[in-house]
Every structure is written in C-alpha cells, then in structure tokens.
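Single-structure report; data block below.
The values are calculated or read from the model by the stated rules, or taken from the named source; none is laboratory data. In this text, all values refer to a predicted model and were calculated from it rather than measured experimentally. Because the Cβ atoms are built from the backbone with ideal geometry, glycine has one as well, and the counts that use them run over all protein chains shown.
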Amino acid sequence: MALSTQAVAVLEFGIDLDNLREINMSAKVFAIANQKGGTGKTTLTMNFAAGLAKRGRTLVVDTDPQGSALQWAGLAPDERPFPVSVITLAGNVAREIKRFREDYQYLVIDCPPTVAGDASQLAMSAADCVLIPVLPSPVDLWASIKLANAVEQAKMLNPALKAHLVINQLEVRNALSRAMKDALAEFDIPTLESCICRRAIYRTSAIEGNSVFGMGKRGAAAAEEIESIINEVI
Ligand SMILES: Nc1ncnc2c1ncn2[C@@H]1O[C@H](COP(=O)(O)OP(=O)(O)O)[C@@H](O)[C@H]1O
Ligand SMILES: [Mg+2]
C-alpha cells in the first residue's frame with residue numbers, strides 16, 4: 001500500500017503536516033464589535049468561535065470588562081467544557097494578542113459596548129475582519145453610526161481590515177423590512193447575506209455554557225446559520 005507524503009512524514013519524522021501548517025500560520029483575527037449593548041456580540045462571538053473550532057485551533061479573547069464570554073464558558077459543566085478556551089485581556093489588546101497569533105488559527109475578540117479610544121478600536125486595528133451584529137430595526141442601525149466612523153479610523157491604521165454588518169434576531173418568519181433594507185443601503189459597511197434569526201436556542205445554549213453546535217437537533221437550524229456566516233467571511 002502506497003503511503004501518502006503526509007503519512008510518511010508522520011511515520012518517519014513524527015511530524016503532522018496539518019499541525020505544522022497551523023503552527024506556521026498566523027491566526028486570522030475577527031473582532032466582534034458594536035458600541036451598542038445587547039445587539040448580540042457575545043452570542044455571535046461564542047457561536048462563531050465554536051464553529052471555527054471545528055476547522056482549526058480557536059481562541060476567544062474577552063475584552064469586555066463585564067466578562068460575559070468568560071462567564072458563558074464558565075457555565076459549562078466539567079464533563080463537557082465549552083469547545084473553545086476563553087481568555088480575558090485588558091489594556092493594549094492589539095499588542096497582547098500578538099503572542100497568540102502563532103499558536104492559533106482563529107482568534108475571536110468579543111468587544112465591549114463602547115468605541116472611541118478603547119478596546120474595540122485597538123481590536124479593529126489588529127483584526128483581519130470586524131463583524132458588527134445589528135438588530136433588524138433602522139433605529140438600531142443608526143445607533144451604530146459612531147461605530148462606522150471608528151471602522152473608518154481603524155482602516156487608516158489597518159487598510160486590510162474587512163468590515164461586515166450581521167443582522168441578528170431576525171424574526172424567523174419575517175423578511176427584512178423595506179425600511180431596514182433602505183437603511184442598510186445607506187450604510188457604508190456591507191451586510192453579510194447570512195443573517196442570524198431570533199431563536200430561543202441561542203439563549204438556552206448560553207445558559208448551559210454551550211454553543212448551538214452542541215445542542216443536537218434543537219440547535220441544527222441555528223448552527224446552520226452560523227456555519228453560513230463562517231463560510232462567507234473565512
Ligand atoms: N439570535 C438571537 N436569538 C435569541 N436571543 C438572542 C439572539 N442573539 C442574542 N440574543 C440574546 O440577547 C441578549 C443580548 O445578547 P448578547 O450577545 O449578550 O449581546 P451583547 O454582547 O452585544 O451585549 C442575550 O440575552 C442573548 O441571549
Ligand atoms: Mg457582550
């Protein structure tokens with residue numbers, strides 16, 4: 001039986017090429033930001049990270065002083081830990097995450113609900129991509145205008161930064177309203193095709209310290225929409 005080059009490498013040198021590739025790669029960094037609270041930053045962070053973890057080593061970086069991501073993971077029972085490690089970072093996030101870049105394929109930074117001169121700005125200056133969860137109402141979107149300015153500023157320091165709005169809590173049976181579509185069209189930041197619907201499973205899984213990927217059939221529809229977001233941005 002002919003062995004693949006990879007199998008030979010593993011047998012002869014004890015090297016796992018896939019692992020090696022991961023180690024040599026610098027992590028792709030995602031910042032999840034919105035200066036408004038309650039738009040779904042932590043929900044997106046945790047589920048997005050759990051989905052990414054199926055593709056490569058992933059770390060969640062909690063920069064919100066409220067520590068919700070850390071608390072979320074802390075709710076998991078010992079026999080079934082949250083599938084991704086969560087660390088908290090304060091201070092200069094851009095500098096501090098450098099040490100994790102070599103060891104992970106994906107870093108997901110949960111930002112606090114503020115913008116100017118703080119963790120969100122620093123996270124965006126170090127990120128490859130910022131995802132901005134917004135609620136499906138024009139009023140909520142307009143409240144994110146300040147964030148759009150902050151994204152522009154971050155792009156001056158970090159021209160490769162990609163930014164996307166992600167609609168969260170869309171009513172499962174309702175299409176996006178005309179007013180919302182118009183408001184989105186006026187916004188400079190493009191919106192992802194994939195939306196997150198309003199589903200009880202997002203809350204239930206959080207209470208159990210789990211992600212929608214760990215909820216079996218009940219989480220399947222939600223897992224599918226998170227997977228679809230991952231496919232759009234990866
Ligand atoms: N798609 C969703 N469906 C149902 N509940 C959601 C959804 N997204 C967020 N939530 C709930 O809304 C609340 C705020 O979400 P959270 O992720 O904590 O927002 P943020 O981190 O931006 O403050 C939480 O109770 C969360 O469980
Ligand atoms: Mg939060």
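Contact map, the stretch 156-178: residues that are in contact (Cβ under 8 Å) with a residue 60 or more places away in the chain paired with residues that are surrounded by 15 or more Cβ atoms within 10 Å (Cβ to Cβ) and among the charged types (D, E, K, R), Cβ distance under 7 Å, separation 6+ or inter-chain. Pairs shown: Lys162/Asp128; Gln169/Arg198.
If you go through the stretch 183-209 and keep only what is within 16 Å of ligand 2 (Cβ to nearest atom) and surrounded by 18 or more Cβ atoms within 10 Å (Cβ to Cβ), you end up with Ile196, Tyr202, Ser205, Ala206, Gly209. Yes or no: Arg218 surrounded by fewer than 17 Cβ atoms within 10 Å (Cβ to Cβ) and away from ligand 2 (no atom under 16 Å from the Cβ)? The answer is yes for Arg218. For the criterion of being modelled with pLDDT under 95, under 16 Å from Ala33 (Cα atoms) and away from ligand 2 (no atom under 16 Å from the Cβ), Ile167 fails.
One line per residue, one yes/no per condition, for (1) at negative phi; (2) within 10 Å of ligand 1 (Cβ to nearest atom); (3) buried (at least 19 other Cβ atoms within 10 Å of the Cβ):
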| position | (1), (2), (3) |
| --- | --- |
| Gly37 | yes, yes, no |
| Pro65 | yes, no, no |
| Leu70 | yes, no, no |
| Pro77 | yes, no, no |
| Leu89 | yes, no, no |
| Ile97 | yes, no, yes |
| Asp103 | yes, no, no |
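One residue alone among Leu131, Leu122 is touching a His at 6+ places or on another chain (Cβ under 9 Å) and closer than 17 Å to Leu161 by Cα, and that residue is Leu131. All conditions but one from (1) of a type in the set (Gly, Ala, Ser); (2) surrounded by fewer than 15 Cβ atoms within 10 Å (Cβ to Cβ); (3) modelled with pLDDT of 95 or more; (4) more than 16 Å from ligand 1 (Cβ to nearest atom) apply to Ala179; the one that does not is (3). Out of (1) over 14 Å from the mean Cα position of the chain (by Cα); (2) within 11 Å of ligand 1 (Cβ to nearest atom); (3) surrounded by 13 or more Cβ atoms within 10 Å (Cβ to Cβ), what's the single condition that is false for Phe213? In the conditions (1) over 14 Å from the mean Cα position of the chain (by Cα); (2) within 11 Å of ligand 1 (Cβ to nearest atom); (3) surrounded by 13 or more Cβ atoms within 10 Å (Cβ to Cβ), Phe213 misses (2) alone. Output the strands (runs of 3 or more DSSP E) that fall wholly within the stretch 32-126 and possess 3 or more residues being within 15 Å of ligand 2 (Cβ to nearest atom) and at pLDDT 95 or above, or say none. Hits in the stretch 32-126: 58-62, 106-110.
Condition check: β-branched (Val, Ile, Thr), surrounded by 14 or more Cβ atoms within 10 Å (Cβ to Cβ) and more than 16 Å from ligand 2 (Cβ to nearest atom). Does Ile234 satisfy that? No: the conditions fail for Ile234. Here Ala150 meets the list (1) surrounded by 19 or more Cβ atoms within 10 Å (Cβ to Cβ); (2) more than 25 Å from Ser194 (Cβ to Cβ); (3) touching a Ser or Thr at 6+ places or on another chain (Cβ under 9 Å) almost entirely, failing just condition (2).
Filtering the stretch 156-170 down to residues that are touching a strand residue (DSSP E or B) at 6+ places or on another chain (Cβ under 7 Å) and farther than 18 Å from Ile234 by Cα, which residue is farthest from ligand 1 (Cβ to nearest atom)? Among residues in the stretch 156-170 that are touching a strand residue (DSSP E or B) at 6+ places or on another chain (Cβ under 7 Å) and farther than 18 Å from Ile234 by Cα, the one farthest from ligand 1 (Cβ to nearest atom) is Leu170.
Scanning the stretch 65-102 for residues that are of a type in the set (S, T, N, Q) and either out of contact with any Ser or Thr (no Cβ under 8 Å at 6 or more places or on another chain) or free of Cβ contacts under 8 Å to residues at least 12 places away in the same chain (or both) yields Gln66, Gln71, Ser85, Asn92. Of all residues in the stretch 127-137, those that are farther than 18 Å from Val93 by Cβ and either in contact (Cβ under 8 Å) with a residue 60 or more places away in the chain or surrounded by fewer than 18 Cβ atoms within 10 Å (Cβ to Cβ) (or both) total 4.
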